[in-house]
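Just so you know, all these numbers are worked out from the coordinates, no wet-lab data involved. Source: prediction; values computed, not measured. Methodologically, a virtual Cβ is constructed for each residue, glycine included, from the backbone with ideal geometry; neighbour enumeration extends over all protein chains shown.
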Amino acid sequence: MFKTTQFLFLLSILLFRSCNERKDQNAAVPDQYKLEQITVNLEKFHKETLDFNFTVRKNNVEYIILDTTIGINLNHLSKSVIDTNHIFFLSIRNNAIFIFGKDGSFISQHTNKSLNLGVLTDFSVSNEFLTIWDGKKDIISIFKISKNGGHLTKEVEIKPTFEINSFWKLNSGDYLATVSSWNVPSIEDELLITDSRFETTKKGYYRNLGNADDDYILSNSYFHLFNNKIHLSHSTDNLTFLFDETGKLLRSVEIKYGENAPAKLLSSLEKNAYELSNYFFINGYTYITDNFIAGSISKGLSQKKSFIADTLSRKLYIENRPYSSFLSNTLGSYKDKIISILIPGQYNLAKDSDFISDEVKRALKKGAYVICLTEL
């Protein structure tokens with residue numbers, strides 16, 4: 001009896017240790033291995049090209065005509081953020097941030113030179129503070145925005161311990177960030193959460209986001225909040241990552257449609273960073289809800305077209321021609337509305353009259369830029 005009891009006691013200890021070891025092993029598994037990935041093949045959807053703009057009713061679009069009479073060029077914008085009082089634009093091409101009132105009035109322009117910075121790579125706006133990442137000097141600068149938006153006063157300058165490409169400020173004060181292996185080829189590019197001073201990694205979502213020299217690619221990916229989820233689209237993998245507002249990585253969505261450009265074309269990526277959208281399927285911002293996916297696709301070179309995929313009816317709406325819809329030039333999102341910009345001279349006002357109001361047509365003819373806030 002004693003031997004039996006002793007045997008059972010030893011067996012229970014072994015089982016307990018075994019269970020704990022398995023539990024610890026599971027806890028150590030990186031998030032990417034447990035991450036739910038959904039693949040959507042748009043080629044299997046029923047295609048509709050004639051009714052693209054009719055999927056968006058005109059009363060679901062708010063127009064803001066921008067005052068650009070002073071000659072500002074907004075043709076090459078990378079990102080837009082709208083807060084309570086102002087509209088902010090980033091143009092990497094012009095190395096500048098533009099600030100407008102929510103009525104479209106021009107307020108101010110801030111260049112890398114006026115801010116004493118190198119390359120304006122990404123920015124965020126929170127509680128009257130503008131945070132800018134300088135991709136050349138590798139510093140974070142935080143500016144106080146004046147009440148009218150006309151002046152920026154530098155409050156803090158931070159030197160992160162890693163090279164950032166894009167970031168998103170969480171409600172906790174921490175940041176979601178994409179980190180490049182551009183200067184450290186031995187490591188993978190990664191998504192991570194840092195503290196408020198970009199010094200400590202609190203949580204890492206490790207994933208090889210491309211080649212070790214893909215800094216150009218990552219710098220074209222921006223976080224944006226849509227449908228209560230933080231989105232980050234990554235062109236080379238046709239993936240969009242979805243986070244909750246605490247920074248927890250929820251899932252990734254892979255979107256397929258046709259073939260990417262031939263591999264031999266990829267070797268020319270470094271020659272012109274602004275032509276990246278010609279090479280990959282997903283271009284710019286992607287918007288995902290339980291009912292639809294919206295964004296831009298590219299099949300081969302210079303064939304970028306916007307699409308809306310109705311995931312319930314499995315219908316795919318594609319632009320008849322490039323630059324013929326609300327989604328042609330998307331820049332982010334605001335209160336679950338898609339931010340896009342209509343560029344004068346880019347639209348055929350006769351053919352595209354089905355989705356542009358008369359007031360907007362007159363503004364475009366006069367050379368004004370028009371912001372669209374679209375609710376799908």
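Here the Karplus relation 6.51 cos²θ - 1.76 cosθ + 1.60, evaluated at θ = phi - 60°, turns the backbone of region 316-325 into coupling constants of 10, 9, 10, 4, 5, 9, x, 6, 10, 8 Hz, with x for every Gly and Pro. A Förster radius of 30 Å, combined with the Cβ-Cβ distance separating residue 314 from residue 336, puts the computed FRET efficiency at roughly 0.85. Amide H contacts for residue 38 (H built 1.01 Å from N in the peptide plane; partners 5 or more residues away or on another chain; cut-off under 5 Å): 252, 253, 254. Entry note, region 95-181: relative contact order of 19 percent, from Cα contacts under 8 Å with a spacing of 6+ residues. Under a 5 Å amide H cut-off, with hydrogens placed 1.01 Å from N, residue 376 pairs with 338 among residues at least 5 apart or on other chains.
For residue 291 and residue 62, a Förster radius of 22 Å and the Cβ-Cβ distance give a FRET efficiency of 0.55, rounded to the nearest 0.05.
Phi-derived couplings, Karplus 6.51 cos²θ - 1.76 cosθ + 1.60 at θ = phi - 60°, listed residue by residue for region 367-376: x, 7, 8, 10, 8, 10, 10, 10, 9, 8 Hz, with x used for Gly and Pro.
For residue 190, the residues 5 or more places off, or on other chains, whose built amide H falls under 5 Å of its own are 179.
Subtracting the Cα-Cα distance of residue 254 and residue 127 from 0.36 nm times their residue separation leaves 42.3 nm of extension gain. Along region 142-152 the Karplus relation, 6.51 cos²θ - 1.76 cosθ + 1.60 evaluated at θ = phi - 60°, assigns HN-Hα couplings of 10, 10, 7, 8, 5, 4, 8, x, x, 10, 10 Hz to successive residues, with x for each Gly and Pro.
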